[in-house]
Structures are given as C-alpha cells and as structure tokens.
Amino acid sequence: MPMTLAMSGSNAMKRFLLAGFSMVALAGCTVGPTYHKPQVKAPAAWRDTQPPAESRVTTASTDPQWWKLFNDPALTKLENEVASSNLDLKAASLRLMQSQAERRIASAAQMPHLEANASYARERASTNGVLGLLGTMEQEQAGSIASGTQGFGPTALPGNVGNPSFNLPQYGMNASWEVDFWGHVRRQVEAATAATQETEEMRRDTLVSLMAETAQDYIDLRATQTQVGILEHNIEVANNSVRLTSLRFQQGAATRLDVAEATGQLHTFTSRLAPLKAQETHMLNALSFLVAREPGALDAELGKPTGIPSVPATVPVGLPSELAERRPDIRMAADHLHAATAAIGVAIADFFPRVTLSGSLDIQALQFSGLGSWASRQYGFGPTATLPLFEGGRLTGQLHLRKAQQKEAATLFQRTVLKAWQEIDDAMADFTAAQRRRDELAEAVHENEIAVETAKAQYVQGASDFLNVLTLQNALLSSQSALATATAQVAGSVTHLYRAVGGGWQDLYPEKTPARTPA
C-alpha cells in the first residue's frame, strides 16, 4: 500500500511536470503566416539611351549627398540647412517618435503587470441590509439561531445601536501576466515593429523628396536669374537700337517707322522683366520656407546670380539591384506588408483560449496596529482562461478583413516597385532628351547671334531694312531664353533621377535613426 501511494505521487508529479513543459512549449507557438521579405526582380543594367558625347549615367556607388556633383557651395549649404531645420522633416521625426511609443506600449503586454495598492476606510454596515441575515445578540440569546428561524450568527448590537463602525486599513500588491500561448501578443508586437519601420521609411521618403525639391528650386532660381540677365542684356541692345534709329532718322537715313519699331521692341522686352523678377522672388521665398525661415531671409545670400549649376560628365546612380534598399517607398511598402501579415496572426489567435496568471497579496486589519502582523495577510492566485464561444461572426469577419488587407498590401508592393522602375526609366530618358535639346539650342543661339550682327551691319550700310534686325533680335532672345531653360532642365533631370533612385538619405538625419529590426 505505501508503495502504491508512492507510485501515485510520482505519477502525479510527472503529470504536473509534463503539463508545465507543455505550457512552456505552447507559449512558444505562434499562429498565423510567417512574413518573408518579398524579392524585387531587378534588371541587370539600366536601359542605355544616351549618345556617347553626353553626360552619362554610371553604376558607380552614389554619394548620399549627391547634390555635391554640381560643385555649388550655396546649394550644398542649403541642403544641409534643410536637413537640420525643415519643418516637414521635424514633423516626420515626431511621427516616428509616436510610432516608437506605440510599439513600446504594444511590447509591454509581453511583460507581467505588477501594481501596489493601499487604502483606508471607516465603515459601518447596515443592520437592515444583508447583514440582517446574520442576526443579533438578542436573537442569539433567545435561541432563535439554534432553531434556524433567523440568520447565521450574531453580528449586530441589541436595540437601536445597530452595527458598530470600524476601521479597515490595508495594503498589498497585485500581479498578472497573460501566457501568450498562441502568439497573440507576439504578433501584435511584430505588427507594431513593422509599423514603426514603415513610419521610419516615411520620414526617409520625406527627406529624399526635400533634398530633390531643394535642388530643383535652387536650379529654378538660378535659371530665372539667368533669364533676367539675358533679358536685361537684350533690353540694353534694344535701347541701343532706339538710339541708332533716332540718330539715323535725324540724319535722314531712316524713317519714323524704324524709330517706332525699335521703341516698340524696347517696351516689349521691358514688359517681360517684371514677371521674371516676381518669379525670382517666389523661388527665393520657396527656399526660405524649406529652411524654415521668413520670406526674404535668403535674398542677400542668394540674390546675386551665379549661373545654372553644371552637370558633370558622369552621374553615378548605383546598380539596379540596389533599388529595393534605396527607395524609401519600396521599403515602406514592404514594412506595410509585414504589418498586415502579422495582423493575420493576431486575428487567428483571437479564436483560441487566452490564459492569464494573476495573484494578489494584501495585509488587512481592523486596527492600524495589526498591519504589521503576518497574521493579517490575505492572498489569492490562480489562472484565468477565456474562450470565445459566440461572437456573431465578428472574429471570422475580422480574419477575412486582415487577409484582404494583406493581399492589398502585397499588390501595392508590386505596384510600388513597378512605378519605381517607370520613374527611373522616365528620368533617364528626360536626362538624355534635355541634353540633346540644350546642345541644339546652343547651336541656334550661336547662329542667331551671327545673324543679328550681320543684319545690323547691313542696316547701317543701307542694304537692309530695320524690320529684319528686329525679327532676328526677337529670334535671338527666344533662343537664348530657351537655352537657359534647357540648361536648367538638364540639371533638373539629374535631381529627378536621384529622387527616382532614392538617393540622399543614408546619413543626413540630425538625430540618431533607430536600428531596423531584421525581417
């Protein structure tokens, strides 16, 4: 018989240990699909549409501060100011901080919850309430309790005194912890981590856009200032034409028509100056806004024309295979897919039981002097399990919703990658086209300058009328203006290209960027 009892105790212990090991094993189980980082199919090389004589795109490594290719100190200074002062970037950084806080909140569910409590109350129970079932001292003395006709024991004082007041001080602590059998909490933390990384990529995308926008606005400013210089030069030429025709009219070698035509052309040229000056102010204000400064703050610094930034012979953009790691929107779409995949696991775990371990230890006494006695302790502990039995289809609908959102995220990832390739290919085509147009217009300006000088000489010699001079002068101004625009388009196409390949984000954050969680 003793042997049997010993064997029974041993079996019970084995069952207890087996149950404990089973709980530990189940706590490591995670339901739902496991996220796998999607692969991006990249071409072996960029599509080459560039003639040999042009500035060429190469697969050399890209400098994160790609705008230094323009070798323009003013532009480099602007880019650094934008990275440290821009309000949109600061707002994006604050959104990242919020996301990090949300992830910390989600991860807190993995840890036990522990709280301390203390209370004091002066209480008195009602004689006519529930305690009336327990009877009074008079009823006990009369034997009513023994007969079973009254309550369960004497609690109240006789007469109208009723129940006495009493003190009830107590203190203690409570603890609880959800045993994450099915990975419900782990999937929530995984989704929150992916959401934080997505917000980080949003901030990075904001920075990439701001770098390109700053460079483009700076190029537009220099182009506008160049246009102003071209127009002012032509206004001076038109003034000389007015003086020349007036002198020849006084000498009888020209007609009043020549003077009127020259004067009309002067006023036409002059009328174009005010809109260009206004456009210059707009660009200066746009750059001031980007560096979080008031309108006009950069007038003294950038008001003096320095010419349109030139493009170097080679423009390194890296390898096509690096696209997925460089484009913030692709990384952002992948993180969004990761969060949507983890959310499916959360929805599946909602179908399974949830077990919470809880316990409490309190010290309670009717007198303050008794709070130091171990006999005043009271405690309770044990597991609590909940299992959804009927939800009216809510859990099923939620699971279907999460699966549909995950499929949408996968589709959007494919769309983002495809759109990236389109933007890069378009940017490269624009880069080539802008260079070709600039070169053709440079030839046109050269020939128009020769034509104007020849026409002026013929007019002075009386071999041609002044209308021919005016026509050629207008053509020269148009070609000069178009050349300035094309030169700016070449530089601008470089900024669009770097925006398309996701360049200029790796090391420009003023504050430390949190490390990414491995996929």
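The values are calculated or read from the model by the stated rules, or taken from the named source; none is laboratory data. Please read these numbers as outputs of a predicted model, since none were measured by experiment. Neighbour counts are summed over all protein chains in view; Cβ atoms, including those assigned to glycine, are modelled from backbone coordinates with ideal geometry. Side chains included, ligands, DNA and RNA excluded: accessible areas come from the protein's heavy atoms. Shrake-Rupley method; radii C 1.70, N 1.55, O 1.52, S 1.80 Å.
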Query - Members of the range 295-314 found to be within 31 Å of the chain's Cα centre (by Cα) and more than 22 Å from Leu69 (Cα to Cα), listed by number - result: Pro295, Gly296, Ala297, Leu298
Query raised in the report: Residues of the range 390-412 being in contact (Cβ under 8 Å) with a residue 12 or more places away in the chain and either over 16 Å from Ala191 (Cβ atoms) or among the charged types (D, E, K, R) (or both), which ones?
Result: Leu395, Arg402, Lys403, Glu408, Leu412
Report task. Please enumerate the residues belonging to the range 229-278 that are open to solvent by 80 Å² or more (accessible area, probe 1.4 Å) and either in contact with a Ser or Thr (Cβ under 6 Å, 6 or more places away or on another chain) or closer than 19 Å to Val460 by Cβ (or both). Result -> Glu236, Arg243, Leu247, Phe249, Gln250, Gln251, Arg256, Leu257
**Report entry** Ala300 vs. criteria at pLDDT below 95 and buried (at least 19 other Cβ atoms within 10 Å of the Cβ)
**Finding:** no
Report summary line: Selection from the range 424-474 of residues farther than 18 Å from Ser55 by Cβ, open to solvent by 50 Å² or more (accessible area, probe 1.4 Å) and hydrophobic (A, V, I, L, M, F, W, C) yields Ile450, Val460, Ala463, Leu467
**Report entry** Out of Leu244, Leu266, Leu221, sole residue that is under 17 Å from Thr471 (Cα atoms) and at pLDDT 90 or above
**Finding:** Leu266
Report summary line: Expected output for the range 62-90 (first residue free of Cβ contacts under 8 Å to residues at least 60 places away in the same chain and of a type outside the set (A, V, I, L, M, F, W, C), partner open to solvent by less than 40 Å² (accessible area, probe 1.4 Å) and not in a loop (DSSP other than H, G, I, E, B), Cβ below 8 Å, 6+ apart or cross-chain) is Lys68/Thr76; Thr76/Trp67
Query raised in the report: Looking at the range 361-372, which of the residues that are among the small types (Gly, Ala, Ser) and open to solvent by less than 100 Å² (accessible area, probe 1.4 Å) is nearest to Ala121 (Cα to Cα)?
Result: Ala365
Query raised in the report: Mind checking which pairs have a first residue in the range 277-298 that is within 17 Å of Ser85 (Cβ to Cβ) and a second that is in a helix (DSSP H, G or I) and open to solvent by 30 Å² or more (accessible area, probe 1.4 Å), Cβ under 6 Å, 6 or more apart or different chains?
Result: Leu284/Asp299; Val291/Glu81; Val291/Ser85; Ala292/Ser85; Ala292/Leu87; Pro295/Asn285
Query raised in the report: Looking at (1) part of a helix (DSSP H, G or I); (2) out of contact with any Ser or Thr (no Cβ under 7 Å at 6 or more places or on another chain); (3) at pLDDT 90 or above, can you tell me which one Ala324 breaks?
Result: (3)
Report summary line: In the range 373-397, anything under 22 Å from Trp177 (Cα atoms), surrounded by 11 or more Cβ atoms within 10 Å (Cβ to Cβ) and within 40 Å of the chain's Cα centre (by Cα) is listed as Pro388
Report task. Filter the range 62-83 down to residues that are acidic (Asp, Glu) and over 21 Å from the mean Cα position of the chain (by Cα) and give me whichever is farthest from Val315 (Cα to Cα). Result -> Asp72
Report summary line: Considering the range 405-414, residues that are closer than 26 Å to Trp182 by Cα and open to solvent by 60 Å² or more (accessible area, probe 1.4 Å), and then whichever is farthest from the chain's Cα centre (by Cα), we arrive at Lys407
Query raised in the report: Filter the range 327-338 for residues that are part of a helix (DSSP H, G or I) and open to solvent by less than 20 Å² (accessible area, probe 1.4 Å); which is nearest to Glu408 (Cα to Cα)?
Result: Leu337
Report task. Take the residues in the range 369-422 that are assigned to a strand (DSSP E or B) and of a type in the set (A, V, I, L, M, F, W, C), then tell me which one is farthest from Arg354 (Cα to Cα). Result -> Phe381
Query raised in the report: Regarding Ala342, is this residue open to solvent by less than 40 Å² (accessible area, probe 1.4 Å) and modelled with pLDDT under 90?
Result: no
Report task. Could you please find all residues in the range 283-312 being within 17 Å of Thr485 (Cα to Cα) and either assigned to a helix (DSSP H, G or I) or β-branched (Val, Ile, Thr) (or both)? Result -> Met283, Thr306, Ile308, Val311
Query - Looking only at the range 85-131, and only at residues there that are of a type in the set (D, E, K, R) and in a helix (DSSP H, G or I), the one that is surrounded by the fewest Cβ atoms within 10 Å (Cβ to Cβ) - result: Arg104
